[in-house]
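Values quoted throughout were computed directly from the atomic coordinates according to the rules given, and no laboratory measurement underlies them. Because the structure is a prediction, the values reported are computed rather than measured. Positions of Cβ are backbone-derived with ideal geometry, glycine not excepted, and every protein chain shown enters the neighbour counts.
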Amino acid sequence: IDMGGYNDYVMMKADGTPVGGICHKQGVNAQYPSGWINYFTVENLDAALKEVTSKGGKQAGDIRHHGKDSFCVIIDPSGAACALYEKGSK
């Protein structure tokens, strides 16, 4: 993925939904933890984020958009990172 001066890497399903990626820790991704980030598809991103924080997890950065899709990186209580991805919601 072209990030405007450098490239990041994302693995996607045939329908274009991301399932994992690794990015440089710079630009819009500077606040994310280093390493691979798995993407989990959710029905409702806002509700899933509320559930994460109610269980002791943290939201890492803002909700971002890719076309009509929305996603957000989270950190679970043990420190592991992943992203929640809502397909075509907004």
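Worth pointing out:
- The chain: Lys pairs at Cα distance under 18 angstrom, eight or more positions apart or on different chains: 7
- Fewest-first ordering of Phe40, Phe71 by other beta carbons within 10 Å of each residue's beta carbon gives Phe40, Phe71.
- Cut-off 11 Å, label 7 Å out along Cα→Cβ of Asn7, residues of the range 63-90 by amide N: none
- Sorted peptide list for 61-69, 19-27, criterion being average Cβ within 10 angstrom, highest first: 19-27, 61-69
- Rounded to 5, percent antiparallel among DSSP beta bridges of the chain: 85 percent
- For the peptides 75-82, 2-9, 46-53, residues were scored by their other Cβ atoms within 10 Å and the scores averaged per peptide; the highest-first order is 46-53, 75-82, 2-9.
- Alpha-carbon spread of the chain, three principal axes, descending order, Å: 37, 26, 19
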